[in-house]
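Undergrad: Below is one structure. I have some questions about it.
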Amino acid sequence: MRTFLGARGGNGDGRSASGLLSFRLPVVLAVLAGAPSAPQTALAAPSDRPPPATPQARPSPRVAEPRVDSKIDPRMAPLVQALAAARTREDSDRIAARLETVRQGGLSPTATLLLRRAQREVTGDKAHDALDDADDAVALQPESPVVWRERAGIRLLAGDRGGAEDDLGQALSRDPNDAVAWSALSHVEETGGHAEAAYAAWEHAVRLQPMMPDGARRLDFLRRRMLGDPT
């Protein structure tokens, strides 16, 4: 899942939306790619199906009550369903890329330019300048889930894990079907030592994108960590 600034290796599957932001995988995911944890390969997407029964799994307390913003592009609904129903990795990646294109298509030209500049700055070790631009993008278009998600990645790079978590909560309250944001939240929670919340967030991601790389393996890893199994 690559939708933050940059591209993520490991646990995300990053793709780029042609003609839009070059970061299919948010900065957050790019950052988390290097975080030590379970085997990382790719993210999964959330779905409308109820989560599988798991011991004491619960969503992160920082995530606001999910709601679908009235301004979300109506083209997303069938793509979300198609992503959850995909049966091959190739189909899953293709649909996820289309979904990200639609998501980024809702950005204004100015917000897009701000986030592009932030991407260049963050890859050039200018995290604070990147954060200023991301702040401006959020102020300009606060209704967009993408600007919150992208700023989360930059905040994480700047060492503000709590701020990144809060921004991901804002993104998910506006677009609860964003598998990239759920997977990023899972990694943020894991780095904070919150195994149960990390499991719950990853479970959401896998339900949205069942064919995400390493989805089931990481879910099992987080389940064992949540239950205190050191192996």
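Undergrad: Just to verify a result, which residue in the stretch 103-124, among those that are part of a loop (DSSP other than H, G, I, E, B) and surrounded by 18 or more Cβ atoms within 10 Å (Cβ to Cβ), is modelled with the highest pLDDT? I'd like the intermediate steps shown before the answer.
TA: Taking the stretch 103-124 as the starting set, the residues that turn out to be part of a loop (DSSP other than H, G, I, E, B) are 106-108, 124.
Pick out the ones that are also surrounded by 18 or more Cβ atoms within 10 Å (Cβ to Cβ) and you get 106-107.
Details: Gly106: 90, Leu107: 94.
My answer is Leu107.
Undergrad: Still on this structure, please answer the following. If a residue must be at negative phi and surrounded by fewer than 24 Cβ atoms within 10 Å (Cβ to Cβ), how many such residues does the stretch 150-160 contain? If you could, list the steps in order and put the result at the bottom.
TA: Here is the first cut: in the stretch 150-160, the ones at negative phi are 150-158, 160.
Restricting the remaining residues to those that are surrounded by fewer than 24 Cβ atoms within 10 Å (Cβ to Cβ) gives 157-158, 160.
Of the residues in that region, 3 qualify.
Undergrad: Looking only at the stretch 108-146, count how many residues are among the hydrophobic types (A, V, I, L, M, F, W, C) and over 14 Å from Leu156 (Cα atoms).
TA: Residues in the stretch 108-146 being among the hydrophobic types (A, V, I, L, M, F, W, C) and over 14 Å from Leu156 (Cα atoms): 9 in total.
Undergrad: Name the residues in the stretch 203-231 that are touching a Pro at 6+ places or on another chain (Cβ under 7 Å) and either free of Cβ contacts under 8 Å to residues at least 24 places away in the same chain or at positive phi (or both), would you?
TA: If the condition is that a residue be touching a Pro at 6+ places or on another chain (Cβ under 7 Å) and either free of Cβ contacts under 8 Å to residues at least 24 places away in the same chain or at positive phi (or both), then Asp214 is the only one that fits.
Undergrad: Sticking with this one: Tell me which helices (runs of 4 or more DSSP H) are completely within the stretch 147-231 and hold 3 or more residues being within 22 Å of Asp91 (Cα to Cα), or say none if there are none. Spell out how you get there, then give the answer.
TA: Details: elements: 161-174, 179-191, 195-208, 215-226.
Ranges flagged: 179-191, 195-208, 215-226.
Undergrad: Taking the conditions exactly as written (over 18 Å from the mean Cα position of the chain (by Cα) and more than 16 Å from Gly169 (Cα to Cα)), does Met212 satisfy them or not?
TA: Working: over 18 Å from the mean Cα position of the chain (by Cα): no; more than 16 Å from Gly169 (Cα to Cα): yes.
The answer is no for Met212.
Undergrad: Sticking with this one: Read through the list (1) at pLDDT below 95; (2) over 21 Å from Trp202 (Cα atoms); (3) surrounded by 16 or more Cβ atoms within 10 Å (Cβ to Cβ), then give the number of the only condition that Ala134 fails.
TA: (1)
Undergrad: Return the total of residues in the stretch 51-102 being at pLDDT 90 or above, among the basic types (Lys, Arg) and not in a helix (DSSP H, G or I).
TA: Of the residues in the stretch 51-102, the ones at pLDDT 90 or above are 76-102.
In the following step, the residues that additionally are among the basic types (Lys, Arg) were identified as 87, 89, 94, 98.
After this cut, where a residue has to be not in a helix (DSSP H, G or I) as well, the list is 87.
Count: 1.
Undergrad: Next question. Report whether or not Asp166 is modelled with pLDDT of 95 or more and over 22 Å from Gly193 (Cα atoms). Outline the logic, then answer.
TA: Details: modelled with pLDDT of 95 or more: yes; over 22 Å from Gly193 (Cα atoms): no.
Taking the combined requirement at face value, the residue does not satisfy it.
Undergrad: Would you check if there is a residue in the stretch 141-149 being surrounded by fewer than 20 Cβ atoms within 10 Å (Cβ to Cβ), in contact with a Leu (Cβ under 7 Å, 6 or more places away or on another chain) and small (Gly, Ala, Ser)?
TA: No, the stretch 141-149 has no match at all.
The values are calculated or read from the model by the stated rules, or taken from the named source; none is laboratory data. Predicted model only: the values in this text are computed from it and were never measured. Heads up, the Cβs are rebuilt from the backbone with ideal geometry, glycines too, and the neighbour counts pull from every protein chain shown.
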